[in-house]
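Each remark here refers to the structure printed beneath this line.
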Amino acid sequence: MTAGRSGRPEKFVKDRAAWHSSDVFRTNLYGADMAVFCGASGNKFLFSSENKYVSPWWPDSMKKIFTFPEALGKLKNEDAKKRRSFMLEFLKPEALRHYIPVMDSVTRDHLATDWSPHKEVRVFPLLKSYTLALACRLFMNIRDPEIVRKFADPFARVAPGFVTVPINIPGTPFNRAVEGGKVLRQELLDLVRRRKMEISEGKDANARDFLSRLLLEGGDDGTALYEMDTSTKIMGLLNASHDTTSTSITAIVNYLAQFPHVYERVHQGNKLQIRLR
């Protein structure tokens with residue numbers, strides 16, 4: 001936590017790699033005993049050894065945020081493996097081509113609504129809203145901004161809880177994350193059930209979003225456990241696509257702001273366009 005707050009989270013790993021081993025070392029992260037693999041060889045070992053030497057695992061603190069208590073430990077490893085292979089299908093280049101027009105449309109709407117009317121903007125908060133809206137569109141085909149805003153508040157409480165001491169008492173960041181997770185899981189579960197009903201009525205047969213395809217092709221067995229696990233998967237995707245993407249785009253905008261000679265601002269009526277020179 002100290003390394004992260006100082007802006008140098010990598011220092012935690014580098015110091016311990018120097019003290020113990022540059023390949024692997026054992027430590028404690030947020031109350032969980034862990035082994036940390038370093039470098040390309042460590043990554044190769046982990047990603048080529050699943051269900052052989054290693055298996056997927058979440059710390060108890062993250063389970064409290066992400067998972068329905070009644071679903072803990074009940075999902076079979078084979079089911080989880082099948083879901084991950086389905087995710088790879090969803091991210092193939094030929095599939096990604098279909099998302100480009102959607103990403104372009106959402107980006108243009110975001111710039112026109114939240115950037116163009118203002119002379120000055122706070123980039124990072126706006127980009128967090130943008131990435132959440134884009135993720136909701138691609139993963140769940142949610143177009144209504146009101147529904148996205150409904151997710152935004154509990155989601156804002158969840159994200160900070162991942163990198164805090166897991167003390168679950170009222171007022172702590174972890175407690176707020178746990179409570180936000182409950183709200184978000186239930187909202188997503190309700191959405192999953194509505195989408196299943198739409199599919200059964202033939203209203204969503206040609207949908208390309210991840211949720212619809214998961215329910216159509218992912219082996220839905222009709223149980224409440226499957227619905228809970230699906231909502232947890234969507235929640236994980238929303239989180240994984242949120243802060244990292246927002247941070248990366250913010251860094252790009254910050255870079256461009258330092259070198260105004262590489263771009264130009266063009267006003268067309270009430271619209272503002274940024275073009276590379």
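The values are calculated or read from the model by the stated rules, or taken from the named source; none is laboratory data. Here the structure is a predicted model, which is why all the values come from computation and not from measurement. Because the Cβ atoms are built from the backbone with ideal geometry, glycine has one as well, and the counts that use them run over all protein chains shown. Ligands, DNA and RNA are stripped out before the accessible areas are found, and what is left, the full protein with its side chains, is counted by its heavy atoms. Shrake-Rupley method; radii C 1.70, N 1.55, O 1.52, S 1.80 Å.
Numbers at a glance
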| item | result |
| --- | --- |
| Among (1) over 27 Å from GLU70 (Cβ atoms); (2) of a type in the set (Phe, Trp, Tyr); (3) touching a Gly at 6+ places or on another chain (Cβ under 7 Å) - the single one TYR130 does not satisfy | (3) |
| Qualifying residues in the range 126-167 (those that are in contact with a Lys or Arg (Cβ under 7 Å, 6 or more places away or on another chain) and under 17 Å from MET62 (Cα atoms)) - the one modelled with the lowest pLDDT | GLY161 |
| Lone qualifier among GLY236, GLY171, GLY202 - being within 28 Å of PHE124 (Cβ to Cβ), at pLDDT 75 or above and either open to solvent by 50 Å² or more (accessible area, probe 1.4 Å) or part of a loop (DSSP other than H, G, I, E, B) (or both) | GLY171 |
| Conditions (1) open to solvent by less than 30 Å² (accessible area, probe 1.4 Å); (2) assigned to a helix (DSSP H, G or I); number of the one not met by ILE142 | (2) |
| Test: residue in the range 184-191 that is in contact with a helix residue (DSSP H, G or I) (Cβ under 6 Å, 6 or more places away or on another chain), open to solvent by less than 20 Å² (accessible area, probe 1.4 Å) and over 30 Å from ARG122 (Cα atoms) | yes |
| Residue under evaluation THR67, criteria (1) open to solvent by less than 80 Å² (accessible area, probe 1.4 Å); (2) at pLDDT 80 or above; (3) farther than 20 Å from MET235 by Cβ, criterion not met | (3) |
| The range 1-12, residues that are in contact with a Phe, Trp or Tyr (Cβ under 9 Å, 6 or more places away or on another chain) and open to solvent by 60 Å² or more (accessible area, probe 1.4 Å) | MET1, THR2 |
| Residue check, SER22 open to solvent by 50 Å² or more (accessible area, probe 1.4 Å), free of Cβ contacts under 8 Å to residues at least 24 places away in the same chain and farther than 28 Å from ILE167 by Cα | yes |
| Residues located in the range 87-118, provided they are of a type in the set (A, V, I, L, M, F, W, C), in a helix (DSSP H, G or I) and either touching a strand residue (DSSP E or B) at 6+ places or on another chain (Cβ under 9 Å) or open to solvent by less than 90 Å² (accessible area, probe 1.4 Å) (or both) | MET87, PHE90, ALA95, LEU96, VAL102, MET103, VAL106, LEU111, ALA112, TRP115 |
| VAL121 vs. criteria of a type outside the set (D, E, K, R), open to solvent by 20 Å² or more (accessible area, probe 1.4 Å), within 29 Å of TYR255 (Cβ to Cβ) and in a loop (DSSP other than H, G, I, E, B) | yes |
| Residues of the range 30-57 that turn out to be of a type in the set (Phe, Trp, Tyr) and either at positive phi or loosely packed, with under 14 Cβ neighbours inside 10 Å (or both), as a count | 4 |
